[in-house]
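Please treat every number below as a calculation from the coordinates, not as lab data. Please read these numbers as outputs of a predicted model, since none were measured by experiment. Glycine gets a Cβ as well: all are built from the backbone with ideal geometry, and neighbour counts include every protein chain shown.
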Amino acid sequence: MQRLACIFGLGIAALLAQSAIADETPARPSPARGEVRAACEGDVKALCPDVAPGGGRILQCLKEHKDTVSDGCKQAIMKARQSAPDKKS
């Protein structure tokens, strides 16, 4: 019985470790995301210099400064949104 519990425990530990590794593996950025990053780089440096990346914080900052964001950045964001797959599925 102890052997079975030990094997079960090791199996659970392996699954948890595999899950943690999968969570740390960065997703491959889409080409549209790279275009947005390039088009908005100057805007981010000028308007959001102290905003830490991740969790949508930079996009939120750009939304807060929408009146001063460059046209190139706005167009890149709109293009990326139009080409993004529907996330409802």
(Q) Could you give each residue of region 61-66 its phi-based ³J(HN,Hα) in whole Hz, using Karplus coefficients 6.51, -1.76, 1.60 with θ = phi - 60°, and x for Gly or Pro? (A) 4, 5, 4, 5, 10, 4
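Work out how much length Glu41 to Arg81 would gain on full extension: take 0.36 nm times their residue separation and subtract the Cα-Cα distance, in nm to one decimal. Please list the in-between numbers first.
Details: separation 40, 0.36 × 40 = 14.40 nm, distance 1.77 nm.
Taking 0.36 nm per residue and subtracting the Cα distance, the gain is 12.6 nm.
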Q. Measuring from label point to label point, each 7 Å out along Cα→Cβ, what is the Ala32 to Asp71 span in nm?
A. 2.2 nm
Q | At most 14 other Cβ within 10 Å, DSSP loop - trypsin sites (Lys or Arg not before Pro), region 31-89 | A | Lys66, Lys87, Lys88
